[in-house]
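Visitor: Have a look at this one.
All of the numbers you see were taken from the coordinates with simple rules; none came from a lab. Only a predicted model underlies this, so the values are computations on that prediction, with no experimental measurement involved. Cβ placement follows ideal geometry from the backbone for every residue including glycine, while neighbour counts extend to all protein chains displayed.
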Amino acid sequence: EDKVVQSPLSLVVHEGDTVTLNCSYEVTNFRSLLWYKQEKKAPTFLFMLTSSGIEKKSGRLSSILDKKELFSILNITATQTGDSAIYLCAVVEYGNKLVFGAGTILRVKS
Amino acid sequence: DAGVIQSPRHEVTEMGQEVTLRCKPISGHNSLFWYRQTMMRGLELLIYFNNNVPIDDSGMPEDRFSAKMPNASFSTLKIQPSEPRDSAVYFCASSFSDRSGTQYFGPGTRLLVL
């Protein structure tokens, strides 16, 4: 059965800390891996990763994929209270089906 | 550009009533997805369409749930009869069948069945 596992399930840090969120997967027909941020509304897209070893960056956020070891990490440096959210990892299979992980709940304290 | 549009945004109904959720995907997208999100089970894929054709409905919980996509710009998810355990946030998402498969989510419909 296809699955996506995220860790940790939840995390509390102080502003300015750096956090690393993990996502491992086992899927039959891997196409790409997506990271989403979900606050009180719908998930919003962060990154799409298809190739191993190529880091994607957007401001203080960055992500990388390892297709050999079947995992991805999402890094957030110099965290701010506005980074508090649920971070979702999802793997896209051929046919565009997404398999989501349970998410990591991040809380950044001021 | 308008994103994915869902209606209603909130729905409160009584057990046994029919509920219809609506979705308008992003123009030009040819894949549409219905998800359900609860605290207990997280995000679950219910059904998805490619070019208006249902591809995988294995996530639809039971026969009380049905979904249609009569054209490229409109889809419905119907629950009949509704039950309290159907209470959840229902998201619609759309994507273009390119290499990335990135999906863009609507704001969701928060459903409460009393």
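Visitor: Considering every pair of different Cα atoms, what Kirkwood radius, in Å, is found for chain B?
Guide: Numbers: mean 1/r = 0.0714 Å⁻¹.
For chain B, inverting the mean 1/r across all distinct Cα pairs yields 14.0 Å.
Visitor: What order do you get for B:44, A:55 when you list them from fewest to most C-beta neighbours inside 10 Å?
Guide: Taking fewest neighbouring Cβ atoms as first place, the list is A:55, B:44.
Visitor: For chain B, which span is the longest to avoid every loop-located (per DSSP) member of trypsin sites (Lys or Arg not before Pro) having at most 13 other Cβ atoms inside 10 Å?
Guide: Details: sites that count: B:9, B:41, B:99.
By the stated rule (loop sites, at most 13 other Cβ atoms within 10 Å), B:42-98.
Visitor: Let me see the P(r) profile for segment A:16-72: every Cα-Cα distance counted, bins of 10 Å, each bin given as a percent of all pairs.
Guide: Spelled out per bin, shortest first, that is 20, 52, 26, 2.
Visitor: Over segment B:1-86, calculate the relative contact order: mean separation of alpha carbon pairs under 8 Å at least 6 apart, over the residue count, as a percent.
Guide: Value for segment B:1-86: 32 percent.
Visitor: Compare the Cα positions of B:43, B:114, B:103 along the charge dipole of chain B (+1 at Cβ of Lys, Arg; -1 at Cβ of Asp, Glu; about the Cα centre) and return the one farthest towards the positive end.
Guide: B:103
Visitor: Treating only the Cα positions of segment A:54-110 as identical point scatterers, give the base-10 log of I(q)/I(0) from the Debye formula at each q in 0.15, 0.27, 0.30 Å⁻¹.
Guide: Summing over Cα pairs of segment A:54-110 leads to -0.55, -1.22, -1.26.
Visitor: About its Cα centre, how strong a charge dipole does chain B have in debye, to the nearest 20, once Lys and Arg get +1 and Asp and Glu get -1 at the Cβ?
Guide: Value, rounded to 20: 240 debye.
Visitor: List the chymotrypsin sites (Phe, Trp or Tyr not before Pro) within segment A:61-110 that DSSP assigns to loop and that have no more than 12 neighbouring Cβ atoms inside 10 Å. Write out the running numbers ahead of the final one.
Guide: On the way: sites: A:71, A:87, A:94, A:100; in loops: A:94.
Listed in order of number, the matching sites are A:94.
Visitor: Relative to the compact globular guide of 2.2 N^0.38 Å, what is the alpha carbon radius of gyration of chain A, as a ratio?
Guide: The reported ratio for this selection is 1.02.
Visitor: Normalised by the number of residues in chain A, what is the relative contact order in percent for Cα pairs under 8 Å and 6+ residues apart?
Guide: Relative contact order, chain A: 38 percent.
Visitor: Here is a follow-up. I want to verify the translational diffusion coefficient of the protein assembly as shown in µm²/s; compute it with Stokes-Einstein, Rh as the Kirkwood radius over Cα pairs, at 25 °C and 0.890 mPa s. Walk me through the numbers before you get to the answer.
Guide: Numbers: Rh = 18.1 Å.
This corresponds to a translational diffusion coefficient of 136 µm²/s.
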